[in-house]
Every structure is written in structure tokens, then in C-alpha cells.
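The values are calculated or read from the model by the stated rules, or taken from the named source; none is laboratory data. Fair warning: this is a prediction, and the values are worked out from it, not measured in the lab. Neighbour counts run over all protein chains shown; Cβ positions are idealised from the backbone, glycine included. Protein only, heavy atoms only, side chains kept; ligands, DNA and RNA dropped before computing areas. Shrake-Rupley method; radii C 1.70, N 1.55, O 1.52, S 1.80 Å.
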Amino acid sequence: MASVTASTTPPQALANSVDEEGAAPADVSAEEAPAGELASDMETRNTGSIARRMMIIAAVWIVVLLAIGGFALDRALTQLLSQQFDEQLELPLTAMISSAEIDPYGDVWFNRPLADQRFLEPNSGFYYQINGNGAVNYFSRSLWDRTLAIDENVDAENPVFYDSDQFPDESLRLVQRTVQIPGSDTRWQFVVAGSREELDSQLNSIRALLGWSFAVLGVGLFLMAVAQTWYGLSPLRRIRRAIASIRQAGSNRVTEPLPLEVQPMVQELNALLDHSQKQAEEARTHAGNLAHALKTPLTVLNNAARAHDPGLDDIVLREAASMQRQVDHHLARARAVGRRASGHSRSVVMDSASAVERAVRTLYPEVRLDVAGNSAAAVSLERQDLDELLGNLIENAAKYGGGSVFVTVDPRPVDPLCAIWIEDDGTGIPEEKRVSIFERGARLDTEKPGTGLGLAIVRDVAGIYGGEVSLGESEDLGGLLVELRLPRA
């Protein structure tokens, strides 16, 4: 008879035998974490406010940019005003040089008066002075009883500008030029000085205006950054309200239109909600199926007990075994669902197939069992679940086949799913029964011991991981071909 169901060998026993041959061990319960650590994990953890980070970054960046811009603008305006002030000093200097002559005594005099009347007003803030080696100094009336201490080291035919604090109550800006006047061998030093009070006043006014302007600009930019942050993060607040609505109103999706930047997060959230809902439905279905499966044996036991049936012992053993099979089946499904939800798994098919082969050889030493195929093929399953799938199928083939079993791993490497073929040389299964044989408890060969749950477990566990199983006819051995297709890692 063809391979149609699992053997009476308990799945735990086969798994243990596989473990002894080098396969992955069964699940081991995690050690209980300390109570303080669990309490700490339950606390709400955060890494600070996104809005606060954005506003701090905006404030720092605004301060830096305004400081750099203010300094650059201050330097530019200072240079511009200083240049204009120097030009105001250079104009009378040029007029002095153009009107200067040498009198019969060898001293300098002007052939025409200077147009700027500030040179005639004492302490007006504008002064001039002409020095010559051995000659009488010629200076403006605005100096009154003072003289300019000019820099004797400056001997240049082009104007030279510098500052001086020689007057205690007045800071000066001087322009100096050395000129050779026709008719004189003396090198005359022409100097024009102007008070910096007006220039410094203008600079202080501009700096005060810049300070207030930049302060207002900085506050305005920061308020704009705050508004931008508040408005930019508003979709997150809407997501929070949507999640609160899910928890309070019982909705199961976030359907509110949101910006493109948060759509991927919303899609992942909806996918998580769908996954959780699917798991909850699977849990309810498993609980209902288990309750329904246990209801009949419990009814039989109750009726037999009330009727004081003389064969109660045999009935208890039979129905208890039936309930144990149902419990094992649903536990296998529950373990697969839990492992699937725990993250991406990876198992090498050849390693699991080889380990199962060694375990089955121990149970059926008379069966010829060959394993071949792609040794690097890996699937996205937990090793224990892959061992259980292959263990059920290979053991079925060994039990119900004619003595030869051939396992081929990944015969079509280009397919998106990894296929595993289990072939035997038995009588096969009629095509019209290849669908119904996957029902729980379905068996074609009732002479050999079995539970009728093997193929049902294979179908359910493979489906949980996104795989599938189908039956066909083996071209090489002539018996049954079971094709197990699982997602690649």
C-alpha cells in the first residue's frame, strides 16, 4: 500500500532519534527572567522627543548662521564706512598739496584758502599739519594750541592711513603723505586728521541695528522652526490617535490618509495588525478544532462510565490515545505558528534530510533509502519543524512503500520555492483520493498501525510557513511521489 499516513512511532521519539544523529535539538524553555528585569522591560522606554531634537538643531543652526552672517555683515559695513571716511580725509589732503607753494623764506603757504571751514574752527575735529625738516610747521587754526604727533617713519608718496590716540579726549584717524614741492629741497609731510567720533557713532548705530534685527530674525526663524516641527509631526499624532482608536473602538486598520513619508510605517503597522488578527483567528480555530476533536472521546468515556461498561479499560485506552493524537497534532500547529512569528528562520534541507534518513534507517533497516540533490538548498523554517515534516513523509514512504525510498532535494533550483521529492516503490494512491487523504484521520491502509494525522500535520505546518504539499506518481520507482514545496531562506 502507498504511503498514506504517519506511523505509530510518536513524533517526539522520532525527533529525539534525529537529535541524537546530529539534528537540531527540540525547543528548550527559556529560563525565567528576574522579576526586576521583567518589570523594567514593561516600562515605557524612549530616547527623547523628536520635536525637541528638531527644535534644538534648528536653534543651534540659526544661532550659528546668524552669528557668521552678522560678523561678515559687520566687517563689510565697517570697511565700507571706514573707506568713505578715509576718502573724506583724502580730499582736503589733495587740495592742500595742489595749492601748496614755497614762500621767499622757504616755508610752505597756500596760494588759495581751503574750502572746508572746519579747519578754521578751534577743536572742530578736522585738522591739518605740514612738517618739513628744519622748517617751521604749518598747521590749521582748528588745532589751536595743539600739534599733531605724526609718524616720522612714514615717508611715502602715496596716502597712508592710520589711527592715533594722541589726544586724550579725541580719537583720530590720520592720512599722511610725503611730497616734494617745486622750488624746495625739503621733503614735506602733509597730514590731515579727523575725529573718529562720527565714524564710531555710525558704526555703533549700525551694530545696534544689526543686533536687534538679527535677534528678531533669529526669534522669527525659531518660531517658524517650532511651527514647522509641530505641523511636520502632526501625522505622527494622527497615527497615535488612530492606534488609540484601534485599541478603544475595535477597528483593525489605520485608514486615515497620511503623507508619503509615513505611509511605509502605516503599511507595516497594518500588516502587523493583520498578522495579529490572523494569529488570533488561528488560535480560535485551533481551540475550536481541539475542543471538537476531544468532545467525542469524552462523550464516549462518560457514556461508558455511566453505563458501567465491562470493557471500560479498553475504551479508556482507545479514547485516551485518540485524544493524545489530537493534542499532538494541534501542538505541532501551535509550535509552527509560534516559530513563524518569532522571526526569519533558516535550515539547510540536506542536513535535516540526512539526519532523518539515519533515524529512519534505525527504525526500518530493511528499507533502501537514498538522499541526493542540492546540498546548499536552505528553507525558511525552523529546523525542528523541517525535521517533523521530513520525518513524517520519509517514514510513511519507508513503512508503506515496497522497500525503496528516494529523496531528492531541490530538483529545480530556479523555482521560487524549494521542492523536496519523496518517492517510493509502493502501489501509490489513486488520483481521486489524493485530496481527501490530507484530511485528519484519513487512512487507506488500516492493517498497519497509524494515526491518520501524518499528512494533515505536514499540510498544516507547511501551509503555516507559506509552503504546500502535493501527491503524484513517481516516474522512476512507480509508486507515490510526495512533493513538499517550502519557501527559500
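Assess whether V435 counts as being within 47 Å of the chain's Cα centre (by Cα), free of Cβ contacts under 8 Å to residues at least 60 places away in the same chain, crowded, with 21+ Cβ neighbours inside 10 Å and within 16 Å of V469 (Cβ to Cβ).
no
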Pairs returned, first residue in the range 63-91 that is of a type in the set (F, W, Y), second residue that is part of a helix (DSSP H, G or I) and open to solvent by less than 70 Å² (accessible area, probe 1.4 Å), beta-carbon separation under 7 angstrom, 6 or more apart or interchain, are F85/L199
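May I ask you to list the residues in the range 88-119 that are among the acidic types (D, E) and more than 18 Å from A156 (Cβ to Cβ)? Please lay out each step first, then the result.
As a first pass, look at the range 88-119 and keep what is among the acidic types (D, E): 90, 101, 103, 107, 116.
E101, D103, D107, D116 - these are the residues of the range 88-119 that are among the acidic types (D, E) and more than 18 Å from A156 (Cβ to Cβ).
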Taking first residues from the range 254-268 that are without any contact (Cβ under 8 Å) to a residue 60 or more places away in the chain and second residues anywhere that are assigned to a loop (DSSP other than H, G, I, E, B) and not polar (S, T, N, Q), the pairs with Cβ under 6 Å that are 6 or more apart or on different chains are V266/V254; V266/L258
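Within the range 225-232, is even one residue part of a helix (DSSP H, G or I), under 30 Å from D460 (Cα atoms) and open to solvent by 70 Å² or more (accessible area, probe 1.4 Å)? I'd like the intermediate steps shown before the answer.
Step one: list which residues in the range 225-232 are part of a helix (DSSP H, G or I), which gives 225-232.
Pick out the ones that are also under 30 Å from D460 (Cα atoms) and you get none.
No, the range 225-232 contains no residue that is part of a helix (DSSP H, G or I), under 30 Å from D460 (Cα atoms) and open to solvent by 70 Å² or more (accessible area, probe 1.4 Å).
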Name every residue in the range 355-406 that is part of a helix (DSSP H, G or I), more than 20 Å from G467 (Cβ to Cβ) and not β-branched (V, I, T), in order of residue number.
E357, R358, A359, R361, L363, A398, K399, Y400
Selected residue [touching a Pro at 6+ places or on another chain (Cβ under 6 Å) and within 27 Å of D151 (Cα to Cα)] from V179, V175, V191:
V175
Output the residues belonging to the range 37-55 that are open to solvent by 100 Å² or more (accessible area, probe 1.4 Å) and modelled with pLDDT of 85 or more.
R52, R53
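Let's see how each residue does on (1) within 23 Å of D163 (Cα to Cα); (2) open to solvent by 30 Å² or more (accessible area, probe 1.4 Å); (3) not aromatic (F, W, Y):
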residue	(1), (2), (3)
W61	no, yes, no
A67	no, yes, yes
L77	yes, yes, yes
L89	yes, no, yes
S99	no, no, yes
D107	no, yes, yes
The range 447-475, subset in contact with a strand residue (DSSP E or B) (Cβ under 6 Å, 6 or more places away or on another chain), in a loop (DSSP other than H, G, I, E, B) and open to solvent by 10 Å² or more (accessible area, probe 1.4 Å), residue modelled with the lowest pLDDT:
G466
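Which one is nearest to the chain's Cα centre (by Cα), of the residues in the range 357-369 that are within 12 Å of G401 (Cα to Cα) and of a type in the set (D, E, K, R)?
It comes out as R368.
From the list A58, A95, pick out the single residue that is under 20 Å from G211 (Cα atoms), outside any strand (DSSP E or B) and modelled with pLDDT of 85 or more. Spell out how you get there, then give the answer.
Values: A95 fails: under 20 Å from G211 (Cα atoms).
That would be A58, the only listed residue that is under 20 Å from G211 (Cα atoms), outside any strand (DSSP E or B) and modelled with pLDDT of 85 or more.
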Scan Q129, Q189 and give me the residue that is polar (S, T, N, Q), closer than 22 Å to S82 by Cα and assigned to a strand (DSSP E or B).
Q129
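Got at least one residue in the range 96-105 being charged (D, E, K, R) and in contact (Cβ under 8 Å) with a residue 40 or more places away in the chain?
First, the residues of the range 96-105 that are charged (D, E, K, R): 101, 103.
Now narrow it down to the ones that are in contact (Cβ under 8 Å) with a residue 40 or more places away in the chain: 101.
Checked against the condition, which is being charged (D, E, K, R) and in contact (Cβ under 8 Å) with a residue 40 or more places away in the chain, the range 96-105 yields at least one hit.
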Any idea which residue in the range 370-391 is nearest to the chain's Cα centre (by Cα), counting only those that are over 27 Å from V414 (Cβ atoms) and either modelled with pLDDT of 90 or more or open to solvent by 10 Å² or more (accessible area, probe 1.4 Å) (or both)?
Q384
So if I check each of V254, V300, which one is open to solvent by less than 60 Å² (accessible area, probe 1.4 Å), closer than 30 Å to I243 by Cβ and at pLDDT below 80?
V254
Residue count, the range 305-327 (criterion: open to solvent by less than 100 Å² (accessible area, probe 1.4 Å) and either acidic (D, E) or touching a residue at least 12 places away in the same chain (Cβ under 8 Å) (or both))
10
Among the residues of the range 110-154, write down those that are touching an Asp or Glu at 6+ places or on another chain (Cβ under 8 Å), open to solvent by less than 90 Å² (accessible area, probe 1.4 Å) and farther than 20 Å from Q180 by Cβ.
G125, F126, S142
